[in-house]
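Rule-based calculations on the coordinates, nothing more; no lab input. Here the structure is a predicted model, which is why all the values come from computation and not from measurement. Methodologically, a virtual Cβ is constructed for each residue, glycine included, from the backbone with ideal geometry; neighbour enumeration extends over all protein chains shown.
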Amino acid sequence: MNFKRGSAALASVGTIIGLFAAGAARAQEVVGAPYSWQIGFGPSFTPVMERVNWLHDVLNVTIGVITLFVLGLLVYVMVRFRASRNPTPTTLTHNTVLEIAWTVIPILILVFIAVPSFRLLYYGDKAVDAAFTVKVTGHQWYWTYEYPDHGNFKVESRMLTEADRVKQKPNHPRMMAVDEEMVVPKDAVIRVVGTAADSMHGWTVPGFGLKKTVIPGRLNEGWIQVAKEGFYFGQCSQICGNAHAYMPIAVRVVSKAEFDAWVERKKRSAGLMPPLETDVASVVPPISR
Ligand SMILES: [Cu+2]
């Protein structure tokens, strides 16, 4: 117990130091990341994940009630029909009413569970009135993000080495920081379509309630709408090869203005927009004769 408390305290001191260190470089905080001693779902950051949490709670209560009811029946049978109390066994084998009841009631329970399950499946399946699309592609072993509605520039997202993480993004969790995050504006409904270039991968961000297996030759769809700015993390969730553990998913949610500025920078560096004069001066060396 003391060890647990001690390490939890150390971890939080570490987090605070990390936040201070990063504060100077970047004001945006890490919002959706796994935390020490986490056993259940983390907090939800999208409408889909809120509903996933709700369904999870409803199912847990349903399962709990059924389990307690069956346990009660077993205890009752063991006490009421014990051998010492019933020296002569009964020859009763059928009870039509009971048999219909124990068939129909579980069916009704399954229907009760199926209705919200299917509603949630279809709710998360397709984006309605999406502002734009981001195409996610899983590679061995990194992610690319394409922005087809913004000129189709592409961002490659690779995990930082531990040394680079400490230097560049010290407040990001170990083995989850990447060089280039997927960047999206807050509050906007964003369609996320996913595919893979080689083997199957899984684009999964727990706080978004999104877990899409991405498959070569197929396009799978989901959507997100995140209200809070910051960094959110997830991991590839299909065993995709020897560096499967080293292709984390990092999403940066920013304001609309910041997003537009980021898109412009990416478009310029992809040659989709003319570079700024200051960039040209720094990139093209003066001609010497
Ligand atoms: Cu993978």
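Key figures for this structure:
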quantity: The chain: antiparallel DSSP beta bridges as a percent of all, rounded to 5; calculated: 70
quantity: Top of R174, R252, R51 by mean-square fluctuation, Gaussian network on the chain, Cα under 10 Å; calculated: R174
quantity: Long-range amide H partners of W143 with built H, under 5 Å; calculated: S157
quantity: Helical contribution to [θ] at 222 nm, DSSP H n ≥ 4, -39,500 (n - 2.57), averaged over the chain, rounded to 500; calculated: -13500 deg cm²/dmol
quantity: For the stretch 47-125: rounded, prolate or oblate by the Cα gyration tensor [a/c cutoff 1.5]; calculated: oblate
quantity: Shape of the stretch 132-273, Cα gyration tensor, a/c cut at 1.5; calculated: rounded
quantity: Pairs beyond 25 Å (Cα-Cα), from K211/K266; K212/K267; K167/K267; K126/K186; K211/K267; K167/K212; calculated: K211/K266; K212/K267; K167/K267; K211/K267; K167/K212
quantity: Most to least packed among 267-276, 229-238 [average Cβ atoms within 10 Å]; calculated: 229-238, 267-276
quantity: Burial ranking of peptide ranges 60-71, 190-201 (average Cβ count within 10 Å, highest at the top); calculated: 190-201, 60-71
quantity: Cut-off 11 Å (backbone N to label point 7 Å along Cα→Cβ of M200), residues of the stretch 232-270; calculated: 238-240
quantity: For the chain, built as a Gaussian network whose Cα springs stay under 10 Å, the top-fluctuating residue of Y142, Y76, Y35; calculated: Y76
quantity: Fluctuation leader among V189, V77, V226 - the chain, Gaussian network, Cα springs under 10 angstrom; calculated: V77
quantity: Kyte-Doolittle mean at least 0.0 and Cα axial length at least 24 Å: DSSP H helices in the chain; calculated: 2-25, 47-80, 96-125
